[in-house]
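The values are calculated or read from the model by the stated rules, or taken from the named source; none is laboratory data. This is a predicted model, so every value here is computed, not measured. Every residue, glycine as well, gets a Cβ built from its backbone with ideal geometry; the counts of neighbours run over all protein chains shown.
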Amino acid sequence: MSSADNPILVALDVDRAEEALRLAHDLAPVVGGFKIGLELLMGPGPAFIGPLTEVGLPVFVDAKLHDIPNTVHRAARQIGRWGARWLTVHAAGGTAMLGAAVEGLEDGAGARLAGILAVTVLTSLDEAELAKTGTPLSSGKLTARRARLAAEAGCEGVICSVRELGVVGDVAPGLLRVTPGIRPEGVDAHDQARVATPAEARQRGADLLVVGRAITRAPDPVRAAASILAGVRS
């Protein structure tokens, strides 16, 4: 099964490669791919991407790169060489940086399919926290502006909350829409400010759903993932 017919990307937010691989092998029959973030990238390191791709599902590397274009290009190229299907870059870095990421990832991936996902506004930020950062724009308007930048730079998609899915569809309908902050009914929102159920996110237009603790910290992760998939498909 892959993300082509299963929208669930499991966030393997653990600190050991062995635990992440065990979870990945167990969950492979019921999910569409895996996300690895800073915890694994700063622990086992980017070399872990290779073994994870051998599970047979797409790997989404949530590195959230944000630096000068040359540095981002070189970092994205390295991640592409390890076999990443998607890589995240902060849209706040601008079109030159986003374009450099696109080129770098493609250079590293060679003939393999690989694309950049631009992070619009972190789902941990509500309107009050966003205002404290100094932006005069609402999360919706800021997402719209950054989605346009992502499309102009050749990104494959964006990371956005469920509340901004419609905005992205309006301003950049060709972009893949990937939504974190997914929580099934009754599950704690933890540090996410803008969350949604899997079914709600899909109904609003999400192409891929990033689900972490609701699966990985469940008593039975495989059963939890299967239940979420059934709810999405019902």
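Is it fair to say Leu27 is modelled with pLDDT of 95 or more, buried (at least 18 other Cβ atoms within 10 Å of the Cβ), of a type in the set (A, V, I, L, M) and part of a loop (DSSP other than H, G, I, E, B)? Against the criterion (modelled with pLDDT of 95 or more, buried (at least 18 other Cβ atoms within 10 Å of the Cβ), of a type in the set (A, V, I, L, M) and part of a loop (DSSP other than H, G, I, E, B)), Leu27 does not qualify. Does segment 151-172 contain at least one residue that is charged (D, E, K, R), closer than 30 Å to Ala218 by Cα and assigned to a helix (DSSP H, G or I)? Yes. In segment 173-216, the residue that is modelled with the highest pLDDT out of those that are among the aliphatic types (A, V, I, L, M) and part of a loop (DSSP other than H, G, I, E, B) is Leu175.
Name the residue that is nearest to Ala24 (Cα to Cα), counting only residues in segment 42-54 that are crowded, with 18+ Cβ neighbours inside 10 Å and of a type in the set (A, V, I, L, M, F, W, C). Among those that are crowded, with 18+ Cβ neighbours inside 10 Å and of a type in the set (A, V, I, L, M, F, W, C), it is Leu52. Is at least one residue of segment 30-38 outside any helix (DSSP H, G or I) and more than 24 Å from Ala225 (Cα to Cα)? No, segment 30-38 contains no residue that is outside any helix (DSSP H, G or I) and more than 24 Å from Ala225 (Cα to Cα). Among the residues making up segment 76-93, a single one is surrounded by fewer than 24 Cβ atoms within 10 Å (Cβ to Cβ), within 17 Å of Val168 (Cα to Cα) and among the small types (Gly, Ala, Ser): Ala92. Any idea which of (1) in a helix (DSSP H, G or I); (2) modelled with pLDDT of 95 or more is the one Ala230 doesn't satisfy? Exception for Ala230: condition (2). Only one entry of Glu103, Glu129, Glu156, Glu152 meets the criterion of being acidic (Asp, Glu) and in contact with a Lys or Arg (Cβ under 9 Å, 6 or more places away or on another chain), and that entry is Glu103. Look at segment 25-47: where a residue is on the phi < 0 side of the Ramachandran plot and basic (Lys, Arg) and a partner is modelled with pLDDT of 95 or more and part of a loop (DSSP other than H, G, I, E, B), sitting 6+ places away or on another chain with Cβ atoms under 9 Å, you get Lys35/Leu12. Against the definition (under 22 Å from Ala151 (Cα atoms), hydrophobic (A, V, I, L, M, F, W, C) and part of a helix (DSSP H, G or I)), how does Ile79 come out, yes or no? Taking the combined requirement at face value, the residue satisfies it. In segment 109-122, the condition of being part of a helix (DSSP H, G or I), in contact (Cβ under 8 Å) with a residue 12 or more places away in the chain, of a type in the set (Gly, Ala, Ser) and out of contact with any His (no Cβ under 6 Å at 6 or more places or on another chain) is met by at least one residue. Between Glu127, Glu103, the distinction of being surrounded by fewer than 24 Cβ atoms within 10 Å (Cβ to Cβ), more than 25 Å from Gly169 (Cβ to Cβ) and in contact with a helix residue (DSSP H, G or I) (Cβ under 7 Å, 6 or more places away or on another chain) belongs to Glu103 only. Only one of the numbered conditions (1) surrounded by 16 or more Cβ atoms within 10 Å (Cβ to Cβ); (2) hydroxyl-bearing (Ser, Thr, Tyr); (3) farther than 25 Å from Ile228 by Cβ is violated by Thr71, and that is (1).
Counting only residues that are within 23 Å of Val210 (Cα to Cα) and either modelled with pLDDT under 95 or outside any helix (DSSP H, G or I) (or both), segment 85-108 holds 6 of them. For segment 148-180, the set of residues classified as within 17 Å of Gly94 (Cβ to Cβ) and among the small types (Gly, Ala, Ser) consists of Ala150, Ala151, Ala153, Gly154, Ala172, listed by residue number.
Are any residues in segment 33-47 in contact with a Leu (Cβ under 6 Å, 6 or more places away or on another chain) and not charged (D, E, K, R), and if so, which ones?
Result: Gly33, Phe34, Ile36.
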